[in-house]
Amino acid sequence: EVSVFTNFGIYGGQMYDIAINPDNPNIMFVGSYVGGGLFRSTDGADSWQPVGTNAESSEAEFTNHIVLAVKMAPAKPDIIWATNNYWVEKSEDGGKT
């Protein structure tokens, strides 16, 4: 039997990391090289939205930066950590802000 992979349709160059909410696998984040930088899906990867920040400088944005890692706290997946090539960012509301 041949395994078949599905293209999720995210464009951002190289994809570095993926985090999937263990309580709700429809919610996931992907970190990429440049482009949108950090993407979020709430519908099981049927659609993706770039994630913004409340950055005080362009270096703290995800857009056009390399998002090297994205992780969810195992016991509380609403806490998400993401690193771009300059900073570490934290969300406490499931990645909404």
Over the chain, the quotient of the Cα radius of gyration and 2.2 N^0.38 Å is 1.05
Computed over the chain, the relative contact order (Cα-Cα under 8 Å, seq sep at least six) in percent reads 22
With +1 at each Lys and Arg Cβ and -1 at each Asp and Glu Cβ, the charge dipole magnitude of the chain around its Cα centre, to the nearest 20 debye, comes out at 80
The chain: longest segment with zero exposed GluC sites (Glu not before Pro), where exposed means DSSP loop plus at most 12 other C-beta atoms within 10 Å, is residues 2-55
In the neighbourhood of Trp81 defined by beta carbon distances under 13 Å, the net charge of the other residues (Lys, Arg +1; Asp, Glu -1) is -1
Under a 1.4 Å probe, counting only protein heavy atoms, Ile20 has an accessible area in Å², nearest 10, of 90
Low-density loop trypsin sites (Lys or Arg not before Pro), the chain, at most 13 other Cβ within 10 Å, DSSP non-H/G/I/E/B, are Lys96
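The values are calculated or read from the model by the stated rules, or taken from the named source; none is laboratory data. Keep in mind that what you see is a predicted model, and the values were worked out from it rather than measured. With ideal geometry, Cβ positions are generated from the backbone for all residues, glycine too; neighbour counts draw on all protein chains shown. For the accessible areas, the whole protein counts, side chains as well, though only heavy atoms, and no ligand, DNA or RNA atoms are used. Shrake-Rupley method; radii C 1.70, N 1.55, O 1.52, S 1.80 Å.
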